[in-house]
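Take a look at the structure below.
The values are calculated or read from the model by the stated rules, or taken from the named source; none is laboratory data. Quick caveat: nothing in here was measured; it's all calculated off a predicted structure. Positions of Cβ are generated from backbone atoms using ideal geometry, with glycine treated the same way; all protein chains shown enter the neighbour counts. The accessibility values were calculated without ligands, DNA or RNA, using every heavy atom of the protein model including side chains. Shrake-Rupley method; radii C 1.70, N 1.55, O 1.52, S 1.80 Å.
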Amino acid sequence: MPSLPEFSLKDKVVIVTGGARGLGLVQAEALLESGATVHAFDRLPEPDSDSAFAAVSRRARDELGVSLTYHQLDVRDAEHLNKVVEGIASEKGRLDGLIAAAGIQQETPALEYTAEDFNRMLEINVTGVFVTAQAVARQMVRLGKGGSMVLIASMSGTVANRGLNCTAYNTSKSGVLQLARNLAMEWGEHGIRVNTISPGYIVTDMVEALFKTHPERREEWAKHNMLGRLSKPSEYRGASVFLISDASSFMTGSDLRMDGGHSAW
Ligand code: NAD
């Protein structure tokens, strides 16, 4: 039990998209540790390849007395999404939170970016997040108890990353920031809060893929922020618990920028 009771997520039911690995899985573990029951959504047939998901799931059951359940699901499939979310909400008659972390990255110079690839980026990173939030909000409104949503944006929704050709990704994250403000406005009357987290560079599979072609980026990018290093997924644990919990009860339509000062100078 945390010393500040408003940070407790005891008995809360929370959905985490992109929860098979990376930032989503680390967020899921933080929610479990704070007492929540967590449902992870991801398109991967099996969560992770190094059994990190299985370890978190075991720990949830054996040590924490809660549960982590995996649902294979593509956030572009609205019908499937709504069905699964409704099932989860009906199970315990509650749905308290969402962390929308599913997303993709693609590095291609703007002169070569195809419309098809650009649309795919927006379909997953913006429409996918919207449809997920909508499915969750429908259940929160039906149950009448409100809730809290955290949409994972990025510092790249606000600044252009020096030397990284990812116009479509940055455009999509800018869309997530604006999406959250508008959903917060529409759903505030239902007691549903919607906020974003804008991380800086986090060393996950997504970023490792960008290092493959340019290994020098690992050191170069670290110099682009005020702390002189890249971040770890675990550095966002507290932010998610804070935003899902009652500790942030008067916070909505806001962005939590956590980028080591990258966009502050
Ligand atoms: P990741 O690639 O490790 O995880 C993303 C997860 O989303 C994967 O498990 C993937 O299978 C899932 N996913 C992708 N498309 C999906 C779909 N259509 N339906 C369901 N699941 C889907 O990357 P990550 O670094 O952990 O990224 C998590 C979030 O954080 C993303 O939204 C990303 O844009 C954001 N982010 C990452 C960084 C970073 O530096 N890594 C920085 C800022 C923001």
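Miscellaneous remarks
- Per-region count, the range 114-129, residues surrounded by 17 or more Cβ atoms within 10 Å (Cβ to Cβ) and more than 13 Å from the ligand (Cβ to nearest atom): 1
- Flag for Ser3 being open to solvent by 50 Å² or more (accessible area, probe 1.4 Å), more than 20 Å from the chain's Cα centre (by Cα), hydroxyl-bearing (Ser, Thr, Tyr) and more than 16 Å from the ligand (Cβ to nearest atom): yes
- Residue among Leu81, Leu111 that is surrounded by fewer than 17 Cβ atoms within 10 Å (Cβ to Cβ), of a type outside the set (Gly, Ala, Ser), out of contact with any Cys (no Cβ under 8 Å at 6 or more places or on another chain) and over 21 Å from Ala239 (Cα atoms): Leu111
- His214 falls short on exactly one of the conditions (1) more than 14 Å from the ligand (Cβ to nearest atom); (2) farther than 22 Å from Thr108 by Cβ; (3) not basic (Lys, Arg), and that condition is (2).
- Any hit, the range 39-57, residues being under 24 Å from Lys145 (Cβ atoms) and under 12 Å from the mean Cα position of the chain (by Cα): yes
- The residue that is nearest to the ligand (Cβ to nearest atom), among those in the range 12-53 that are over 17 Å from Met206 (Cα atoms), buried (at least 21 other Cβ atoms within 10 Å of the Cβ) and among the small types (Gly, Ala, Ser), is Ala40.
- All of (1) loosely packed, with under 15 Cβ neighbours inside 10 Å; (2) of a type in the set (S, T, N, Q); (3) near the ligand (Cβ under 10 Å from one of its atoms) hold for Ser172 with one exception: (1).
- Ala239 vs. criteria in a helix (DSSP H, G or I), surrounded by 15 or more Cβ atoms within 10 Å (Cβ to Cβ) and in contact (Cβ under 8 Å) with a residue 24 or more places away in the chain: yes
- At least 2 residues being more than 30 Å from Met251 (Cα to Cα) and over 14 Å from the mean Cα position of the chain (by Cα) is the threshold, and among the helices (runs of 4 or more DSSP H) wholly inside the range 147-224 those reaching it are 205-213, 217-222.
- Residue pairs whose Cβ atoms lie under 6 Å apart, separated by 6 or more positions or on different chains, with the first residue in the range 1-24 and more than 24 Å from Ala137 (Cβ to Cβ) and the second within 16 Å of the ligand (Cβ to nearest atom), are Arg21/Asp48; Gly22/Thr204; Gly22/Asp205.
- Condition check for Met206: of a type in the set (A, V, I, L, M, F, W, C), more than 15 Å from Ala153 (Cβ to Cβ) and either more than 11 Å from the ligand (Cβ to nearest atom) or at pLDDT below 95 (or both): no
- Taking (1) at pLDDT 95 or above; (2) within 13 Å of the ligand (Cβ to nearest atom); (3) open to solvent by 20 Å² or more (accessible area, probe 1.4 Å) in turn, Ser198 satisfies each apart from (3).
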